[in-house]
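Here is the structure we will look at, set down as structure tokens.
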Amino acid sequence: MNKGFTLIEVLVTAFIIGIISTVILLNYRTGQDEASLTRSAAAFETEIRRAQNLAVASSEFNGLIPCGYGLHYVDNRSFSLYAGGLGGAASCQSANHNFQSGTDSVFQSLKIIEQRVVFKSVFSDIFFEPPDPAVYVNDSRAAGVSTVVELCLETDLTVCRNLTVDTAGRISTQ
């Protein structure tokens, strides 16, 4: 009697190992993508809180104290942290709190930290005005107004983390 494996046994074994390897690799990739989304959402939330803290501290920018600090959508991978100016208004409260090119200054240009993550769509400007700070979403301070920032996988825009910021200053992640 011959000892060893037949060609059929070797092929079946290789096929089974290939299927198991594929399943493991797909699950590993999905886990990495979820982790990328979580890290990107946490980093973006940190930038929102940074703008909020700069406003509370009334931090100087270019030798002046701006009306506040905000976040502005640039494209599907980048955004700006900006210092708001008066823009011809009599006071900071009556100024337009959305980013105004030529009036407001870009404090820092930022990008999403993960390569495979993008903004799903344009989000409204989020602006913090000292001293509380008052929160403006798309130049509105009305109660109940909020914006949802969707960070999604570039390869599957249905897999997202949503950050909601409202005019009460609450930031929530889903």
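The values are calculated or read from the model by the stated rules, or taken from the named source; none is laboratory data. Note that the structure is predicted; figures quoted are calculated from it, not measured. Glycine gets a Cβ as well: all are built from the backbone with ideal geometry, and neighbour counts include every protein chain shown. Ligands, DNA and RNA are stripped out before the accessible areas are found, and what is left, the full protein with its side chains, is counted by its heavy atoms. Shrake-Rupley method; radii C 1.70, N 1.55, O 1.52, S 1.80 Å.
Of F79, F107, which residue is touching a residue at least 12 places away in the same chain (Cβ under 8 Å), within 18 Å of A51 (Cβ to Cβ) and open to solvent by 50 Å² or more (accessible area, probe 1.4 Å)?
Values: F79 fails: open to solvent by 50 Å² or more (accessible area, probe 1.4 Å).
Matching residue, one of F79, F107: F107.
If S59 passes every condition in (1) modelled with pLDDT under 90; (2) in a helix (DSSP H, G or I); (3) hydroxyl-bearing (S, T, Y) but one, which one does it miss?
Going through (1) modelled with pLDDT under 90; (2) in a helix (DSSP H, G or I); (3) hydroxyl-bearing (S, T, Y) one by one, S59 breaks only (2).
Might you check whether a residue that is of a type in the set (D, E, K, R), open to solvent by 40 Å² or more (accessible area, probe 1.4 Å) and either on the phi > 0 side of the Ramachandran plot or without any contact (Cβ under 8 Å) to a residue 40 or more places away in the chain (or both) occurs anywhere in the stretch 35-45?
No: the stretch 35-45 contains no residue that is of a type in the set (D, E, K, R), open to solvent by 40 Å² or more (accessible area, probe 1.4 Å) and either on the phi > 0 side of the Ramachandran plot or without any contact (Cβ under 8 Å) to a residue 40 or more places away in the chain (or both).
Among (1) open to solvent by 40 Å² or more (accessible area, probe 1.4 Å); (2) more than 26 Å from S121 (Cβ to Cβ), where does A89 come up short?
The single condition A89 does not satisfy is (1).
Restricting to the stretch 48-67, give me the number of residues that are out of contact with any Cys (no Cβ under 7 Å at 6 or more places or on another chain), under 21 Å from R170 (Cα atoms) and buried (at least 16 other Cβ atoms within 10 Å of the Cβ).
Going residue by residue through the stretch 48-67, those that are out of contact with any Cys (no Cβ under 7 Å at 6 or more places or on another chain) are 48-66.
Remaining after also requiring under 21 Å from R170 (Cα atoms): 48-58.
Checking the rest, the ones that are also buried (at least 16 other Cβ atoms within 10 Å of the Cβ) come to 48, 50-52, 54-55.
So the answer is 6.
Might you let me know whether the stretch 128-148 holds any residue that is touching a residue at least 60 places away in the same chain (Cβ under 8 Å), within 15 Å of the chain's Cα centre (by Cα) and buried (at least 17 other Cβ atoms within 10 Å of the Cβ)?
No, the conditions are met nowhere in the stretch 128-148.
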